[in-house]
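Worksheet: the structure to be examined is printed underneath.
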Amino acid sequence: MTPAPTVTTRVRIVHRQLLLDSGYVLSGMPLGLAAFVLAVAGISLSSGLLVVAIGLPVLAGSLQVVRSLADFERLRIATLLRQPLVRPDYLTPDPSEGIWRRSLVPVRDTQSWLDLLHALVRPMVELSTFAVVLTWWAGAVGGMLYPAYFWALPDGPDNQDLSELLGMGDGVAARLALNLSIGLFFLLTLPLVARGCARFQAGLARSLLTGVAEMRHRIIMLEEQKRAAASAEASALRRLERDIHDGPQQRLVRLAMDLSRARQQLAADPGAAGRTLDEAVAQTRETLNELRGLSRGIAPPILVDRGLPSALAALAALALVPTELQVEDDLGTPGGRLDPAVESTAYFVVAEALTNVAKHSRATECQVTVQRDGSQLRVGVADDGQGGAHLAKGHGLAGIADRVRAAGGQLTVTSPAGGPTEVRAELPL
């Protein structure tokens, strides 16, 4: 378990976030004004030149300039929100097109116009957030430092303090108490106000500059998950069909032949018929055992009944290579159980990885770790074998990757020549 952060650590985190939010908001105002001026100048110039051929190229150039400013704003958003940088896929000129059409590609790009819209509307939002954050900083600094400069303020019969207007008196103590209270209020609420203004300002930029790109990336990811799920399902069905054909089907054929032979032997040689029936009973038991094994490969009963830790413990106990298991205990409790799809994916990742370790790694020991990390479940299988494993080489790893992608996760394999090998899966919860 990760230890709880101390008060000093929390204060340091809040201070760092406050500086980040304030810097984003306060620096956004000059950047927004610059983008607005360039956008308006570009539109005005291109509008005035539309009567001649140079108007559209000027508009395309203006869109390119606005795109550069939008890219810088995307970088600022990624830093503020601590998220990966998302850049839209802009239209690119076709080499087969002429110079004129290639120069007008930004004009045909929808995202370029969204960048221009952001440059035109951002000053209205950034002006308000800038004013609010600057006011809160001034109130906090001015109020908390009031004892250091109040003596230099003009004091005369015509100057009436706020403390006197509020009925607190006109003494130094009343003025200090009032101004310190105001400064303390602004200081305590400053992190929340700065965070809210920064998120509001970044929300507008994100919706216009990366919203379409994030939606497209999400669609692409869902399509990949769908293909991965279909591929994993097809692979599982082919394997199940092959296992049934090679195992139970052959035993059932032999069982039918043994029963036919026993029926023919009943009258002529009852003893031989009894031995044949005994063999048929043994075949029946072996067939049942194989069918139970195949059913465990589809939906392991121990996983459904007792949870992921117990199912992985059973896998580790049956592994051919000595396996150390580290799993969070609460994953098996009723309150800590994961989504059945996540549990099933994690189980089969470990099962297939242990099978590969036994078949190909020549390892002497193996370690399985499963832990919950925020909104992700991290599954790792490491061995001290000869290495050389790769997703492109198959050995079941491609099937694992399809299954993990179908669950919305990511699989990575680290296996240099000579070892060791580590298979890591990150599954969203």
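The values are calculated or read from the model by the stated rules, or taken from the named source; none is laboratory data. Small disclaimer: the values here were computed from a predicted structure and weren't measured. Note: ideal-geometry Cβ built from the backbone for every residue, glycine included; neighbour counts use all protein chains shown.
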Pairs with Cβ under 8 Å, 6+ apart, first in segment 107-132 and more than 14 Å from L33 (Cα to Cα), second among the basic types (K, R): S112/R67; D115/R67
Subset tally (residues that are within 26 Å of P191 (Cα to Cα) and either over 31 Å from the mean Cα position of the chain (by Cα) or surrounded by fewer than 20 Cβ atoms within 10 Å (Cβ to Cβ) (or both)) for segment 103-124: 3
Counting just the residues of segment 181-203 that are farther than 29 Å from R82 by Cα and buried (at least 16 other Cβ atoms within 10 Å of the Cβ), which one comes out farthest from the chain's Cα centre (by Cα)? I182
Looking at (1) loosely packed, with under 15 Cβ neighbours inside 10 Å; (2) at pLDDT below 75, can you tell me which one S207 breaks? (2)
Among strands (runs of 3 or more DSSP E) entirely inside segment 335-429, those with 2 or more residues being at pLDDT 80 or above and within 18 Å of A316 (Cβ to Cβ) are 366-373, 376-383, 421-428
Does G55 meet the test of being more than 32 Å from the chain's Cα centre (by Cα), more than 30 Å from V133 (Cβ to Cβ) and of a type outside the set (K, R)? yes
Any hit, segment 53-68, residues being surrounded by fewer than 16 Cβ atoms within 10 Å (Cβ to Cβ), out of contact with any Cys (no Cβ under 8 Å at 6 or more places or on another chain), of a type in the set (V, I, T) and part of a loop (DSSP other than H, G, I, E, B): yes
Six or more apart or on different chains, Cβ under 7 Å: which pairs go from a residue in segment 63-75 that's under 16 Å from A41 (Cβ atoms) and assigned by TED's automatic domain parsing to the domain that holds W113 to one that's surrounded by fewer than 18 Cβ atoms within 10 Å (Cβ to Cβ) and not aromatic (F, W, Y)? Could you list them? L63/V107; V65/L38; V66/L38
Residues that are under 18 Å from Q64 (Cα atoms), at pLDDT below 85 and of a type in the set (D, E, K, R), at least 2 per element: which helices (runs of 4 or more DSSP H) completely within segment 74-162 meet that? 99-103
Tally time: how many residues in segment 34-62 are of a type in the set (G, A, S), closer than 23 Å to L127 by Cβ and without any contact (Cβ under 8 Å) to a residue 24 or more places away in the chain? 2
